[in-house]
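Each value in this text was obtained by applying a stated rule to the coordinates, not by laboratory testing. All values reported here derive from a predicted model rather than from experimental measurement. Here the Cβ positions follow ideal geometry from the backbone for every residue, glycine too, while neighbour counts run over all protein chains shown.
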Amino acid sequence: MTRNVYADYAATTPLCLPARRAMHDAFDIYGNPSSLHYAGAEARKLVEKARSKVAKAINAEPDEIYFTSGATEANIWVLSAFSTVKSNVEHSSMEYGRRGGIVGLESDHLGIVPSKPVIDLTFIDTMSILWVNNEVGTVQDMKSLASWATNSADKLFHTDATQAVGHISVDVRETGVDLLSMSAHKFGGPKGIGALFVRRGVDILPMLHGGHQEAGKRAGTENVIGIAGMGAAIEWATNNLDKSVPYLTKLRDILIDGILSILGTELTGHPTQRSPSIASFVFRGIDGQALVLALDERGVCASSGSACSEGQVGVSHVLKAMGYTEETGRGSLRLSIGWDTTEADVRYVIRAVKESVEELRK
Ligand code: PMP
């Protein structure tokens, strides 16, 4: 029997109930947060309440949080403000024309990035390394990477934590990162809203010039409803980590074991140092996009890599960086799960993948 299973949480998540409620309540708060009157004050209060929640979730202070339109903008902000050296397994939003930074950190076959870049750092301000890889789920040792960058190399350290926040514990003080990007729709919040954490004392150029919003660093009337939803979602997701991490890890491992029982299948990314919600594979002899379509016919939403590179032909830059070739990386599949996923869903996905792979290999 066909059933609908959404196994693409790394592309985006459904809206969680607390975010839905907070946004619904915010519909009536129509004032401009910059206005001096009571309607403005009401909206300002909502924005500042959400800012405090975002800050608390990552152990930051509210004045270290700047709302943006998402992680893409947060990443581009860092790239446009600082000369950056980055890894070769970053999200595509870390490519930003001529200011896209320099690749100087090369991933190994499991997606692990070393601390020390292979290039001269003289004219570099910032090192940037993705916390959790969005395609293969590998989790970096953030504390060591940030410590090397800030203590040994005397550079700022930025991480794109879009797949980490709300999925694993993220503490900016404990890890010592200076800048951190996130996006609300990856942890149950709405799309089109995110934030950049900027450690106090780090002088960053404004992202958008104009009004004095976001402490004069990011002009434009705030997305009040989105911000309210993001605040509620991040609080909900981080307060639930004690339950969600073991729950998802167990489901993810059932998924990995089931899929690896299919002949000619390999896990991509690190076997243990990986996101509780991401399982990723390559299948010998088939095309990843054809597999995604075959799964869709069976009611399963999956992805052949990152949603942002869906439709691109060939092996992703991430798999290439990890040493896969056009041949060995062609049959890639990412399955990503979340709070609504059940064990029955996972068992169904395993069956659907088996059937689809058999069909495509015929
Ligand atoms: N970085 C990573 C690691 C991501 O997974 C994504 C979303 N695919 C982004 C950045 C961009 O986020 P957004 O599209 O919300 O700006």
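Structure above, values below:
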item: Residues SER277, SER34, sorted so that the one with the fewest Cβ neighbours within 10 Å comes first; result: SER34, SER277
item: Burial ordering of HIS109, HIS317, fewest other beta-carbon atoms within 10 Å first; result: HIS109, HIS317
item: Exposure proxy ranking, count of Cβ atoms within 10 Å, fewest first, for CYS301, CYS16; result: CYS301, CYS16
item: Where only C-alpha atoms are counted, convex hull volume of region 220-362 per residue in Å³; result: 145 Å³
item: Qualifying trypsin sites (Lys or Arg not before Pro) for region 147-202 [loop in DSSP, other Cβ within 10 Å: at most 12]; result: ARG200
item: Size of the chain as Cα extents on the principal axes (Å, biggest first); result: 68, 51, 34
item: For region 74-193, Kirkwood radius (reciprocal of mean inverse C-alpha pair distance, Å); result: 14.2 Å
item: Over 25 Å [Cα-Cα, region 174-300], rounded percent; result: 50 percent
item: Under 17 Å, Cα to Cα: Lys pairs in region 74-229, sequence gap 8 or more or different chains; result: 6
